[in-house]
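Visitor: Below you'll find the structure I mean.
The values are calculated or read from the model by the stated rules, or taken from the named source; none is laboratory data. All values reported here derive from a predicted model rather than from experimental measurement. Virtual Cβ from ideal backbone geometry, glycine too; neighbours counted across all protein chains shown. What goes into the accessible areas is simple: the full protein's heavy atoms, side chains included, and nothing from ligands, DNA or RNA. Shrake-Rupley method; radii C 1.70, N 1.55, O 1.52, S 1.80 Å.
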Amino acid sequence: MDMDMDMDEKPKYGEPKKFDPDFKGPIQNRGCTDIICCILFIVAIVGYLAVGILAWTHGDPRKVIYPTDSMGQFCGQGKLQKQPLLFYFNMMKCASPMVLLEFQCPTPQVCVEACPNRTMTLLTAFAQKQDWNYYKSYCREDPGVKPVPQILQEKLCPAYLISSKPFLQRCFPSLGKKGEVITVGDQETFNDGDKIRDAKDLVAGMKNATIVMEGRQVAMKIFEDYTKSWYWILICLLIAVVLSLIFIVLLRYLAGIMVWVMIIMVIAVVAYGIGHCSVKYVSLKDTPGANITLQQLGFQPDFSVYLHIRQTWLAFIIILAILEFIIIILLIFLRNRIRIAVELMKEASRAVGFVMSSLFYPIFTFLLLTIVITYWAVTAVFLSTSSEPVYKVFNETVCEHSRETCIPENFSLSDMKKDCPRSECLFAFYGGETPYHKYLIFLQFYNVFLFFWCANFVTALGQMTLAGAFASYYWAPNKPNDMPAFPLFASLGRSLRYHTGSLAFGSLILAIVQIIRVLLEYIDHKLKGAENKFAKFLMCCLKCCFWCLEKFIKFMNRNAYIMVAIYGKNFCRSACDAFFLLMRNVIRVVVLDKVTDFILFLGKLLIVGLVGIFAFFFFSGHTDAFKGARPSLHYYWVPILTVLVGSYLIAHGFFSVYAMCVDTLFLCFCEDLERNDGTASRPYYMTTELRDILMKDTDAAQTLT
């Protein structure tokens with residue numbers, strides 16, 4: 001916006017900055033800001049630590065890792081360390097829909113050392129001493145000399161054993177096929193102690209029991225993949241770090257060339273992706289089963305199955321083609337702006353060159369975020385596993401007490417047992433009725449909220465620290481002689497000493513909006529089956545509005561932190577000053593500042609693409625070059641996705657230094673134009689090249705509008 005602003009516009013967007021001969025960059029003599037928010041943040045952190053201690057005291061992560069018997073004991077742990085497998089007395093009871101409701105089969109379950117490798121009934125085993133000694137290892141307790149009818153009535157032992165194999169840490173019947181007939185232990189029938197049954201009767205029970213545990217098993221397989229591939233994942237992430245550093249260093253000396261190289265390489269990488277997907281799509285043309293649709297296939301925990309479907313590769317082709325088209329169109333329309341943004345990148349490169357330690361600051365931010373994420377994740381796991389075992393009544397037939405809470409120790413003498421003689425008091429799930437368990441959901445909510453607040457605080461600290469360092473560069477009359485000896489550390493010290501409250505204030509506002517978005521997603525998930533179209537429309541509007549609000553708050557916070565780093569004022573005052581300054585220079589914001597963001601995004605995309613292509617060929621085994629080194633994995637997409645996400649975060653961390661530098665220089669440039677006029681008494685602090693480029697660009701934009 002031109003300096004000759006008319007008087008009507010001044011009160012609308014605040015008063016422009018006046019010339020101050022004593023202003024030499026970030027104010028050194030400043031005081032603490034937003035003290036109330038600082039105190040509130042400290043209290044919240046203390047409460048967060050208390051929640052963590054409470055969760056660690058009551059929680060037990062074994063509840064989500066190990067199978068549990070009917071008494072709530074963990075198989076393979078403690079006194080059952082030598083019995084790691086779970087055995088079901090009657091697998092056919094798992095065919096009941098109750099399995100999917102209560103996540104527990106309505107049949108006694110015991111932890112065993114090994115799955116049975118014989119098929120026999122209790123009656124036949126009881127008659128043979130050797131068989132009986134073997135059979136008793138699958139009983140809940142030693143039946144002693146009790147007769148068979150009493151053993152069955154008290155459900156001390158299963159009515160029959162079936163040859164089984166361990167799967168998902170549980171014993172499942174060894175089913176096979178003779179032609180089209182299902183067999184168990186090479187037999188088409190088996191004796192359940194009551195009558196002869198077909199082997200196919202076991203299928204439904206096995207299916208339900210598998211559904212219940214499959215999600216847990218997928219998680220365990222993913223964990224196992226991480227244990228096998230973590231070394232190679234770190235190598236891929238190290239490659240991303242090296243590539244990011246190379247690009248940053250090259251930007252320092254060859255900004256103009258590197259920007260266009262990045263643009264061309266991004267287009268080339270996306271084009272290669274389109275070509276590779278097209279080749280795979282054509283090669284699967286005559287492959288049996290490759291022409292089924294994704295809808296017909298449904299969800300598969302093994303994502304590699306989707307890569308054998310033509311429709312998957314067609315979807316990849318469409319997505320990449322749209323991305324390529326959007327990038328090319330944007331480049332055509334922004335070609336002139338990109339040339340000007342390159343000059344701003346050169347100026348940012350000079351600033352980064354004088355504050356080289358800023359390139360390594362993202363590592364500090366990454367370490368702090370790792371601590372925050374780890375604390376949140378561990379606390380969440382312990383909170384979710386801090387409930388107590390709940391026992392409920394299970395009955396083979398309809399019973400008035402079915403699924404009522406019971407106490408296993410005195411259940412045999414209770415009225416519920418008298419009313420339902422064939423019922424059992426079995427472990428059902430984890431819960432609790434104590435005050436701690438009643439308020440567990442609020443502790444989980446507090447954990448999530450503090451996670452957002454702390455993560456935003458760490459990010460804000462990085463933004464303010466970098467802003468203070470780069471502002472010291474811009475406002476130095478003689479660069480670098482008039483700059484502080486250690487501008488980054490000086491800025492970090494000022495931010496923590498004086499502006500912890502302002503950082504907490506800005507991050508609190510953002511955390512509130514983010515937690516509201518989480519609640520909206522939760523409500524939307526609960527309303528998935530609702531037929532009310534107005535409710536769906538309203539929910540969609542709310543989600544869209546809060547998404548936009550979050551983006552706006554992030555933008556304002558970022559610029560507010562720059563103003564706090566320079567002037568040392570409180571958060572609200574700094575946010576207002578930043579907003580009015582941007583509005584007085586709105587044309588420059590629209591046509592220039594966001595173009596540099598687009599260029600930096602292309603740089604991130606390029607690094608993710610290069611590392612992602614390497615990770616795909618390495619972990620998927622699509623090339624023989626890494627055949628000997630590639631680890632054996634259940635799901636090779638697990639390390640690939642991890643590398644992609646990690647590479648983006650690494651690239652974002654390094655390029656965020658440039659982004660923050662550009663934003664800081666841009667605000668300083670706008671203030672420089674308002675404070676000074678380029679005369680000998682009021683000289684500009686910006687370089688001549690930067691002033692000519694930005695002024696020329698603004699004049700051209702105003703002419704077009």
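Visitor: State all residues of the stretch 347-383 that are open to solvent by 70 Å² or more (accessible area, probe 1.4 Å) and either touching a residue at least 40 places away in the same chain (Cβ under 8 Å) or over 26 Å from L440 (Cβ atoms) (or both); if no residue qualifies, say none.
Guide: R350, F354, M356, F360, I363, F364, F366, L367, I373, W376
Visitor: Can you tell me how many residues within the stretch 232-282 are out of contact with any Gly (no Cβ under 9 Å at 6 or more places or on another chain), among the basic types (K, R) and closer than 25 Å to D597 by Cβ?
Guide: 0
Visitor: So, in the stretch 244-286, of the ones that are closer than 17 Å to L359 by Cβ and open to solvent by less than 40 Å² (accessible area, probe 1.4 Å), which residue ends up farthest from the chain's Cα centre (by Cα)? Give the steps one after another, and end with the answer.
Guide: So the first thing to find is which residues in the stretch 244-286 are closer than 17 Å to L359 by Cβ, and the list is 244-255, 258.
Keeping just the survivors that are open to solvent by less than 40 Å² (accessible area, probe 1.4 Å) gives 244, 247-248, 251, 255, 258.
Numbers: S244: 22, F247: 27, I248: 27, L251: 31, A255: 34, M258: 32 Å.
Looking at the filtered set, the residue picked out is A255.
This table checks each residue for (1) of a type in the set (A, V, I, L, M, F, W, C); (2) part of a helix (DSSP H, G or I); (3) crowded, with 21+ Cβ neighbours inside 10 Å.
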{"residue": "I441", "(1), (2), (3)": "yes, yes, no"}
{"residue": "Y446", "(1), (2), (3)": "no, yes, no"}
{"residue": "L450", "(1), (2), (3)": "yes, yes, yes"}
{"residue": "A460", "(1), (2), (3)": "yes, yes, yes"}
{"residue": "L466", "(1), (2), (3)": "yes, yes, yes"}
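Visitor: Search the stretch 480-501 for residues that are among the aromatic types (F, W, Y) and pair each with any residue that is open to solvent by 20 Å² or more (accessible area, probe 1.4 Å) when their beta-carbon atoms are under 8 Å apart and the residues are at least 6 apart or on different chains.
Guide: If the second residue must be open to solvent by 20 Å² or more (accessible area, probe 1.4 Å), the pairs left are F486/S357; F489/S357; Y498/R30; Y498/G31; Y498/C32.
Visitor: Would the stretch 407-424 turn up any residue that is modelled with pLDDT under 75, over 30 Å from A504 (Cβ atoms), within 25 Å of the chain's Cα centre (by Cα) and not β-branched (V, I, T)?
Guide: No, every residue in the stretch 407-424 fails to be modelled with pLDDT under 75, over 30 Å from A504 (Cβ atoms), within 25 Å of the chain's Cα centre (by Cα) and not β-branched (V, I, T).
Visitor: Out of V608, V564, I need the residue that is at pLDDT 75 or above, surrounded by 15 or more Cβ atoms within 10 Å (Cβ to Cβ), within 30 Å of the chain's Cα centre (by Cα) and β-branched (V, I, T). Which one? Walk me through it before giving the result.
Guide: Values: V564 fails: within 30 Å of the chain's Cα centre (by Cα).
Of the residues listed, the single one that is at pLDDT 75 or above, surrounded by 15 or more Cβ atoms within 10 Å (Cβ to Cβ), within 30 Å of the chain's Cα centre (by Cα) and β-branched (V, I, T) is V608.
Visitor: In the stretch 484-531, which residues are outside any helix (DSSP H, G or I), open to solvent by 40 Å² or more (accessible area, probe 1.4 Å) and either in contact with a Pro (Cβ under 6 Å, 6 or more places away or on another chain) or farther than 24 Å from S358 by Cβ (or both)? Quick ask: steps written out before the conclusion?
Guide: Of the residues in the stretch 484-531, the ones outside any helix (DSSP H, G or I) are 484-486, 499, 527-531.
Those left that are additionally open to solvent by 40 Å² or more (accessible area, probe 1.4 Å): 484-486, 527-529, 531.
Within the stretch 484-531, L527, K528, G529, E531 qualify.
Visitor: May I pose another question? Can you give me the number of residues within the stretch 10-49 that are outside any helix (DSSP H, G or I) and modelled with pLDDT of 75 or more? Outline the logic, then answer.
Guide: As a first pass, look at the stretch 10-49 and keep what is outside any helix (DSSP H, G or I): 13-34.
Among the residues that remain, those that are also modelled with pLDDT of 75 or more are: 26-34.
Here the count works out to 9.
Visitor: Continuing with the same structure: Considering every residue within the stretch 162-171, establish whether at least one is crowded, with 18+ Cβ neighbours inside 10 Å, over 47 Å from the mean Cα position of the chain (by Cα), at pLDDT 80 or above and over 13 Å from V110 (Cα atoms).
Guide: no
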